[in-house]
Structures are given as structure tokens and as C-alpha cells.
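Working notes for the structure below.
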Amino acid sequence: MREYKLVVLGSGGVGKSALTVQFVQSIFVEKYDPTIEDSYRKQVEVDGEQCMLEILDTAGTEQFTAMRDLYMKNGQGFVLVYSIISQSTFNDLAELREQILRVKDTDKVPMVLCGNKCDLEEDRIISKDQGNALANQWGSTTFLETSARKKINVDEVFFDLVKQINKTSPAGKDKKGGKDKKKKCTLF
């Protein structure tokens with residue numbers, strides 16, 4: 001079974017953990033408890049294939065940015081999350097994306113732009129059009145609005161990322177002799 005290393009990134013308080021926990025455990029976490037770093041595993045079926053997703057839920061706070069390069073290097077796909085009710089969280093994503101591209105040394109990385117908290121429509125600051133425009137500016141990156149609370153588009157975010165990874169690196173390409181090459185020291 002192929003394993004996928006996915007990384008969830010974004011500013012503090014955008015709902016990275018809520019999205020991840022909703023996807024992995026089908027639970028909505030109401031309380032905000034800043035994450036340092038959490039790793040989750042979930043087996044899913046995407047396009048008829050069994051996959052093991054290893055999801056790294058990262059810190060949104062500035063004090064943990066030193067760890068970013070390492071998990072950006074090891075990650076295969078990235079969920080960039082902002083809150084539709086916060087302009088600053090939307091503005092922060094361009095720098096995160098640039099850092100991913102720099103660390104990966106490529107301009108094409110499997111990525112989903114995720115406008116979270118779409119259930120809070122009455123508090124919306126970032127329009128759906130702004131999210132779409134940013135995704136298009138990034139070279140037709142997938143854009144989805146999500147709600148961890150209402151479980152809107154949560155599964156789709158992770159499934160889309162797996163499909164993108166499959167397109168960019170088909171299953172046989174990263175395996176030698178049927179075994180994954182393992183590095184001894186990774187955050188995953």
C-alpha cells in the first residue's frame with residue numbers, strides 16, 4: 001500500500017487541527033488549543049486504490065518556523081489553510097507557498113488552497129472569488145472552501161491532494177524493489 005506524506009499549513013487559529021481531526025476521526029474539535037505538531041495516520045481508498053495517509057498538522061505560530069523546512073522537504077503534498085473570516089491568514093499564505101517551492105526546489109508541488117470556516121458566512125471577509133483568484137495565480141492550484149464544523153469538503157481536500165501526488169509521481173516511481181526508501185531521521 002502506498003503511503004502519502006501530507007502537510008497541513010497556515011496561520012494560528014485557521015482550523016488546521018479541526019480539519020485534520022474531522023478528516024481522520026470524524027470529530028469536530030471546538031476548543032482552540034495551539035498545536036506544536038501532531039501526526040495522524042488514516043487508511044483511505046482513492047480511485048479504487050488503498051492508501052495510507054500520514055498527515056502532519058503543523059504549528060501556526062511563528063516560534064515553530066524552524067521546523068518548517070524539514071517537514072516541507074519531506075512532505076509530498078500540502079494543504080494551505082486560511083480562515084475566510086481573517087484577512088491576515090489569507091495574506092500569510094503567499095510566503096508559505098514560496099517557502100515550500102524554495103525548499104522543494106520546484107515550481108510544481110501538489111497543493112490545495114483551503115478557505116476554512118465557510119459555515120461562518122455572516123462573518124466572511126475573504127470572498128470565494130478572492131480564493132479562486134489566488135489559486136489561479138498560483139498556477140491552477142485546487143481551491144476548496146471547507147468547514148470542519150459542518151464537514152464540508154473536508155474529505156475532498158485530502159483526496160484531491162492524493163490524486164495530485166499520483167499524477168506528479170505515479171506509484172512505481174518512488175519505489176525500488178517493492179520497498180519504500182526510508183530515511184532514518186524525519187518528522188514523519
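The values are calculated or read from the model by the stated rules, or taken from the named source; none is laboratory data. If you're wondering where the values come from, they're calculated on a predicted model, not measured in any experiment. Note that each Cβ is placed from the backbone with ideal geometry, even for glycine, and that neighbours are counted across all protein chains shown. Keep in mind that these areas ignore ligands, DNA and RNA; they rest on the heavy atoms of the full protein, side chains included. Shrake-Rupley method; radii C 1.70, N 1.55, O 1.52, S 1.80 Å.
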**Asked** If you go through the stretch 41-77, how many residues are among the hydroxyl-bearing types (Ser, Thr, Tyr), touching a Gly at 6+ places or on another chain (Cβ under 9 Å) and modelled with pLDDT of 85 or more?
**Response** 1
**Request:** Could you grab me the full set of residues in the stretch 1-59 that are open to solvent by 60 Å² or more (accessible area, probe 1.4 Å), under 21 Å from residue 151 (Cα atoms), outside any loop (DSSP other than H, G, I, E, B) and touching a residue at least 24 places away in the same chain (Cβ under 8 Å)?
**Result:** 39, 43
**Asked** Looking at the stretch 72-82, is at least one residue open to solvent by less than 70 Å² (accessible area, probe 1.4 Å), over 21 Å from residue 159 (Cα atoms) and in contact with a Leu (Cβ under 8 Å, 6 or more places away or on another chain)?
**Response** no
**Prompt:** Are there any pairs with C-beta distances below 9 angstrom linking a residue in the stretch 108-131 that is on the phi < 0 side of the Ramachandran plot and at pLDDT below 95 to a residue that is among the small types (Gly, Ala, Ser) and open to solvent by 10 Å² or more (accessible area, probe 1.4 Å), with the two at least 6 apart or on different chains, and if so which?
**Reply:** 108/139
**Complete:** The one condition residue 19 fails out of (1) touching an Asp or Glu at 6+ places or on another chain (Cβ under 8 Å); (2) within 25 Å of residue 89 (Cβ to Cβ) is (1)
**Asked** So, in the stretch 92-105, of the ones that are within 14 Å of residue 12 (Cβ to Cβ) and of a type outside the set (Asp, Glu), which residue ends up modelled with the lowest pLDDT?
**Response** 96
**Asked** Do we find a residue being under 16 Å from the mean Cα position of the chain (by Cα), closer than 17 Å to residue 12 by Cα and not β-branched (Val, Ile, Thr) anywhere in the stretch 117-131?
**Response** yes
**Request:** Quick one: in the stretch 152-163, of everything that is over 12 Å from the mean Cα position of the chain (by Cα) and under 18 Å from residue 6 (Cβ atoms), which residue is least open to solvent (accessible area, probe 1.4 Å)?
**Result:** 153
